[in-house]
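Below is one structure, written out as structure tokens; the observations come after it.
Read the figures in this text as sums done on the coordinates, not as results from a lab. Please read all numbers here as calculations on a predicted model, not as lab measurements. When we count neighbours, we look across all protein chains shown, and the Cβ atoms used for this are built from the backbone with ideal geometry, even at glycine.
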Amino acid sequence: MNDPFPSVTRRGLLASSAATLAVSTALSGRAQAATPPSEPAKMPVTITVNGKPHALDLDPRTTLLDTLREHLQLTGTKKGCDHGQCGACTVIVNGERINSCLTLALQHEGDEVTTIEGLGTPGKLHPMQDAFVKHDGYQCGYCTPGQICSAVAMMGEVKRGIPSHVSPQLGAAMRADNMEIRERMSGNICRCGAYSNIAEAIAEVAGA
Ligand code: FES
Ligand code: FES
């Protein structure tokens, strides 16, 4: 029988396939290098932080946490997990505590944000800051800004009668005991384990 491809050998076919693959890989690499992924257009947002309005142009993917830390240099708010699990990034927005790593800055047009820098100053501490100092409510201090912001907003939740799992029928009066405080603060993790002192500090303010 006549060979339909007299000049094609197995070795020649493999060599030519390898050469084709090398050329196409090089070309596709060059194409990728020539077209870097484009950045989304910046978008304007105005947020009031600690009483001061800030007009910003931001990549729409920027979180509120990164906006505070990297655009406004308010580094008191900490980045722990960046996934909504530790509470280190807690700030107060329109009176409610939120994890700033889980929300985009553009969602906060016109909002009032309070960070740890806005609660008090070294010369005039907020009562909750004062109580944390008095009760040693920290060790390394990394979780502390989030703990304090969370505790301040939590007191507001209690005043508004928002119930918890420990006090499902809670009215305007808070039990202010250890279990209640620990339940309400359970979204704020302290890797140093300063929970007892944190609860004591909050209980003192709650009692007052
Ligand atoms: Fe936001 Fe951990 S950094 S919850
Ligand atoms: Fe260190 Fe809370 S004081 S993580």
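Could you tell me which residue out of HIS135, VAL93, VAL152 lies farthest along the dipole of segment 50-208 toward its positive end? Charges go on the beta carbon: Lys and Arg +1, Asp and Glu -1, centred on the Cα centre.
The one lying farthest along the dipole's positive direction is HIS135.
Using a 7 Å offset from the Cα along the Cα-to-Cβ direction at both LEU125 and HIS71, what is the distance between the two label points in nm, to one decimal?
3.3
Full extension from ASP57 to CYS81: what is 0.36 nm times the residue separation minus their Cα-Cα distance, to one decimal in nm?
Residue separation times 0.36 nm, minus the Cα-Cα distance, leaves 6.1 nm.
Please list, in chain and number order, the residues 5+ apart from ASP111 or on another chain whose amide H is under 5 Å from its amide H, with Hs placed from the backbone.
Under 5 Å from the amide H of ASP111 lie the amide H atoms of THR48, each far enough along the sequence or on another chain.
Using the per-residue mean of other Cβ atoms lying within 10 Å as a proxy for protection, in what order, highest first, do the peptides 65-76, 144-155 fall?
Listed from highest to lowest mean packing, they are 144-155, 65-76.
Using the Cα centre of segment 60-121 as the reference point, and only Cβ charges (+1 on K/R, -1 on D/E), how large is the resulting charge dipole? Debye, rounded to the nearest 20.
Roughly 220 debye, rounded to the nearest 20.
Compute, for segment 49-195, the length of the dipole vector about the Cα centre, with Cβ point charges of +1 (Lys, Arg) and -1 (Asp, Glu) only. Units Debye, rounded to 20.
Using only the charged Cβ atoms, the result is roughly 400 debye.
Please state the Cα pair-distance histogram of segment 69-143 with 10 angstrom bins from zero: what percent is in each bin?
All Cα pairs, binned at 10 Å, distribute as 17, 49, 29, 4 percent.
Using only alpha carbon pairs under 8 Å that are at least six residues apart, calculate the relative contact order of segment 49-208 and give it in whole percent.
Over segment 49-208, the number comes to 24 percent.
What list do you get for ARG184, ARG160 if you sort them by fewest beta carbons within 10 Å?
The most exposed by this proxy come first: ARG160, ARG184.
Once the Cβ-Cβ distance between SER186 and GLN139 is put in as r, and R0 is 30 Å, what FRET efficiency do you end up with, to the nearest 0.05?
E(calc), rounded to 0.05, equals 0.95.
What are the ³J(HN,Hα) couplings of segment 88-93, residue after residue, when phi is run through the Karplus curve with 6.51, -1.76, 1.60 and θ = phi - 60°? Round to Hz, x for glycine and proline.
Once θ is set to phi - 60°, the couplings for segment 88-93 become 4, 8, 4, 10, 10, 10 Hz.
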